[in-house]
Amino acid sequence: MAKLNATKLDSAESNEFWTKERCFITELMNSPNLPSASLALARVDPGVTTQLHALDGLSETYTVRKGTGLAEVNGQVHRLNCGDSLLIPSGASQRITNDGNEDLEFYCLCTPRFEANSYVNLES
């Protein structure tokens, strides 16, 4: 049996930062050494709706870890509670509203990995 070696990935940006999308992002894993996927944690303040956008060439899966929200994908609204996941296909229009009284936090798994040039602002 062939011996397989592990590969340590480059560290992602571990500090939370504000985006024009109207949410906070913490990059957990986003490395050119793993082009097949990236993982981030998004945080949306209560009452905030993120920017309507699409991701060109990649799909995204939200998994809620805290709070509640209403995700709109191609005009369809999906209620998301803690523990729920939602697969968003490539190119779909999307945004999420925190309709609760606490921060909405969810993991964003992008396949292939997220790169800034894949983000398409649909509000401009």
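In the range 104-121, is there at least one residue being part of a strand (DSSP E or B) and of a type in the set (D, E, K, R)?
yes
I'd like to check something: does the range 43-52 contain any residue that is over 23 Å from residue 15 (Cα atoms) and not basic (Lys, Arg)?
The answer is yes, given that some residue of the range 43-52 is over 23 Å from residue 15 (Cα atoms) and not basic (Lys, Arg).
Mind checking which residues of the range 99-115 are more than 14 Å from the chain's Cα centre (by Cα) and of a type outside the set (Asp, Glu)?
100, 101
Could you check the range 30-43 and list, in sequence order, the residues that are within 22 Å of residue 91 (Cβ to Cβ), open to solvent by less than 40 Å² (accessible area, probe 1.4 Å) and at pLDDT 95 or above?
37, 38, 40, 42
Quickly run through the range 44-62 and pick out the residues that are open to solvent by less than 30 Å² (accessible area, probe 1.4 Å), β-branched (Val, Ile, Thr) and touching a Lys or Arg at 6+ places or on another chain (Cβ under 7 Å).
50 - this is the single residue of the range 44-62 that is open to solvent by less than 30 Å² (accessible area, probe 1.4 Å), β-branched (Val, Ile, Thr) and touching a Lys or Arg at 6+ places or on another chain (Cβ under 7 Å).
Of the residues 87, 122, which is in contact with a His (Cβ under 6 Å, 6 or more places away or on another chain) and over 18 Å from residue 24 (Cβ atoms)?
From the options 87, 122, the qualifying one is 122.
Please go through the range 1-29 and give me each residue that is in a loop (DSSP other than H, G, I, E, B), open to solvent by 30 Å² or more (accessible area, probe 1.4 Å) and touching an Asp or Glu at 6+ places or on another chain (Cβ under 8 Å), ordered by number.
Of everything in the range 1-29, those that are in a loop (DSSP other than H, G, I, E, B), open to solvent by 30 Å² or more (accessible area, probe 1.4 Å) and touching an Asp or Glu at 6+ places or on another chain (Cβ under 8 Å) turn out to be 13, 14.
Pairs, please: C-beta under 9 Å, at least 6 apart or cross-chain, first residue under 11 Å from residue 89 (Cβ atoms) and aliphatic (A, V, I, L, M) and in the range 55-67, second open to solvent by less than 20 Å² (accessible area, probe 1.4 Å) and modelled with pLDDT of 95 or more?
Here the result reads 55/88; 55/92; 55/94; 55/110; 55/118; 58/38; 58/110; 58/118, each pair linking the range 55-67 to a residue that is open to solvent by less than 20 Å² (accessible area, probe 1.4 Å) and modelled with pLDDT of 95 or more.
Restricting attention to the range 67-103, which residues are open to solvent by 50 Å² or more (accessible area, probe 1.4 Å), under 30 Å from residue 33 (Cβ atoms) and in a strand (DSSP E or B)?
85, 87
The values are calculated or read from the model by the stated rules, or taken from the named source; none is laboratory data. Computed from a prediction, not measured in an experiment: that's the story for all the values here. With ideal geometry, Cβ positions are generated from the backbone for all residues, glycine too; neighbour counts draw on all protein chains shown. Accessible surface areas use protein heavy atoms only, side chains included; no ligands, DNA or RNA. Shrake-Rupley method; radii C 1.70, N 1.55, O 1.52, S 1.80 Å.
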